[in-house]
1. Report every pair of residues separated by at least 6 positions or lying on different chains whose Cβ atoms are under 7 Å apart, first residue within region 336-356 and among the basic types (Lys, Arg), second outside any loop (DSSP other than H, G, I, E, B).
2. Does residue 217 qualify as being crowded, with 21+ Cβ neighbours inside 10 Å, over 30 Å from residue 179 (Cα atoms) and β-branched (Val, Ile, Thr)?
3. Based on this model, can you work out whether residue 225 counts as buried (at least 24 other Cβ atoms within 10 Å of the Cβ) and closer than 23 Å to residue 155 by Cβ?
4. Of the residues 240, 211, only one is crowded, with 19+ Cβ neighbours inside 10 Å and either among the aromatic types (Phe, Trp, Tyr) or under 27 Å from residue 285 (Cα atoms) (or both); which?
5. Return the total of residues in region 299-329 being more than 16 Å from the ligand (Cβ to nearest atom), among the small types (Gly, Ala, Ser) and part of a loop (DSSP other than H, G, I, E, B).
6. Away from the ligand (no atom under 16 Å from the Cβ) and on the phi > 0 side of the Ramachandran plot: is that true of residue 257 in this structure?
7. Just to be sure I understand the filter: pairs with C-beta atoms under 8 Å, separated by 6 or more residues or on different chains, first member in region 274-285 and more than 24 Å from residue 362 (Cα to Cα) and buried (at least 19 other Cβ atoms within 10 Å of the Cβ), second member at pLDDT 95 or above and of a type outside the set (Ser, Thr, Tyr). Which pairs pass?
8. Given the criterion in contact with a Phe, Trp or Tyr (Cβ under 9 Å, 6 or more places away or on another chain) and part of a strand (DSSP E or B), identify the matching residue among 401, 420.
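The values are calculated or read from the model by the stated rules, or taken from the named source; none is laboratory data. Predicted, not measured: the structure shown is a model, and the values here were computed from it. Here the Cβ positions follow ideal geometry from the backbone for every residue, glycine too, while neighbour counts run over all protein chains shown.
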Amino acid sequence: MRTVIQNGLVINSSDELRADVLIEDDKVVALAVTGSELASSWTANADKVIDATGKYVLPGGVDAHTHMEMPFGGTVAADTFETGTRAAAWGGTTTIVDFAIQQKGSSLREGLDAWHAKAESQCAIDYAFHMIVSDVNDQSLKEMDTLVGEGVTSFKLFMAYPGVLYSDDGQILRAMQRAGDNGGLIMMHAENGIAIDVLAAQALERGQTDPKYHGVVRRELLESEATHRAIQLARVAGSPLYIVHLSASQALDEVAGARNMGLNVFAETCPQYLYLSTEDLAKPGFEGSKYVCSTPLRPMEHQAQLWKGLRTNDLSVVSTDHCPFCFNDQKVLGIGDFTKIPNGLPGVENRMDLLHQGVVDGHISRRRWVEIACATPARMFGLYGRKGVLAPGADADVVIYDPKAEQVLSAETHHMAVDYSCYEGKRITGKVETVLSRGRVLIEGNAYHGRKGDGAYVPRETCQYLT
Ligand SMILES: [Zn+2]
């Protein structure tokens, strides 16, 4: 099967070029200057020719932070691996890295096997796993080594959610030491959960039960304090560190300071922190629950700092933390008690578009868009070369993107299995037109042509910034 994508502007993180792309079966095999004799010779014996005149041709998006069908607070995230990965494809994302969870009292192996079973033959696009370590002990530390060998090369720890996913500083230090030895990357949910739980209980005692108090008690200082502490622990352990879903500018200052010292400290933010704020959390009635996630949304003035961080590379990845809960039967579990609102937002379908809007609005360049959404997440999590770049030898995960198309984001038209959109009514310039995953057409002509099970599990190398 030979496919040629012609006349488009190929955008990689490294450069932009007017080139045709030749795909054989599941791989990109060559790029050639559009209109050249070589490129013209390809179309003659191609099985399929896609005209990308006026369009961008991008490597498929890599979303390094999703939670499909994740159990949380007595309910389960609304997107399954089937619906969530299909929605991702609609939005131009062709690889996700989801989080397998170790339950307290059981092994990493049991957790990872459970997530493999959930995802197996369900996914529309390729997928990989990080491992959430919620019970650091002698056995789970040994298992970390095994998992690195199996392509699960990153481990998430929580300074939040005491009694559930929380690890104390000693456990964090031990896991970091292990990662320092086995090449794993420690990912940190950096919020001081012990202090947050005290403030939350005090708020409830005062009768402050509305969704907005979720943001009030999860203080910015408790994010920056935890970020600082995580960085110091990583220095002591001699391990690299990746801060997930950074939202407070004070936490960004901690990351920037560490990076200025030359430390292997990295951070991601998410579209919701770039576009939404505490004003959304404070919407009347129970509407604010739609915006409850952790770390929480911050006041509007943080957004400019986060965009700046994306330009300076103190923030190097944008992931979604996609973890949707329906408003009508899940978010309502927290009526009368904000601490019972399931934490998480839908977003896997909107990331590429919202970041392209950042290009349109002048926050970042086109190449930086591809870098933070495709190339860097691939490199950070050991997928680069296969994913995150359009080059000979790469998987033929390709997005043809119309930079001029207009669309309005809405729950009416999105493909995520959730009954609301955080961006209802928002106008966006730019839209995914065609999506290929390993050479197969998933999206074309505003229709879905894939099947569940098209997506394969992808074992990962270790972080490619450290080798
Ligand atoms: Zn998450």
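1. Sorted first by the residue in region 336-356, then by its partner, the pairs are 340/333; 340/334; 351/61; 351/63; 351/93; 351/271; 351/318; 351/373.
2. Values: crowded, with 21+ Cβ neighbours inside 10 Å: yes; over 30 Å from residue 179 (Cα atoms): yes; β-branched (Val, Ile, Thr): yes.
For residue 217, the condition - crowded, with 21+ Cβ neighbours inside 10 Å, over 30 Å from residue 179 (Cα atoms) and β-branched (Val, Ile, Thr) - is met.
3. Working: buried (at least 24 other Cβ atoms within 10 Å of the Cβ): no; closer than 23 Å to residue 155 by Cβ: yes.
No: the conditions fail for residue 225.
4. On the way: 240 fails: either among the aromatic types (Phe, Trp, Tyr) or under 27 Å from residue 285 (Cα atoms) (or both).
Criteria check complete, one pass: 211.
5. Residues flagged as more than 16 Å from the ligand (Cβ to nearest atom), among the small types (Gly, Ala, Ser) and part of a loop (DSSP other than H, G, I, E, B) within region 299-329 amount to 1.
6. On the way: away from the ligand (no atom under 16 Å from the Cβ): yes; on the phi > 0 side of the Ramachandran plot: no.
Considered against the rule, which asks whether it is away from the ligand (no atom under 16 Å from the Cβ) and on the phi > 0 side of the Ramachandran plot, residue 257 comes out as no.
7. Going by the 8 Å Cβ cut-off, the qualifying pairs are 281/211; 281/212; 281/214; 281/215; 281/288; 281/292; 281/296; 281/297.
8. On the way: 420 fails: part of a strand (DSSP E or B).
Among 401, 420, only 401 is in contact with a Phe, Trp or Tyr (Cβ under 9 Å, 6 or more places away or on another chain) and part of a strand (DSSP E or B).
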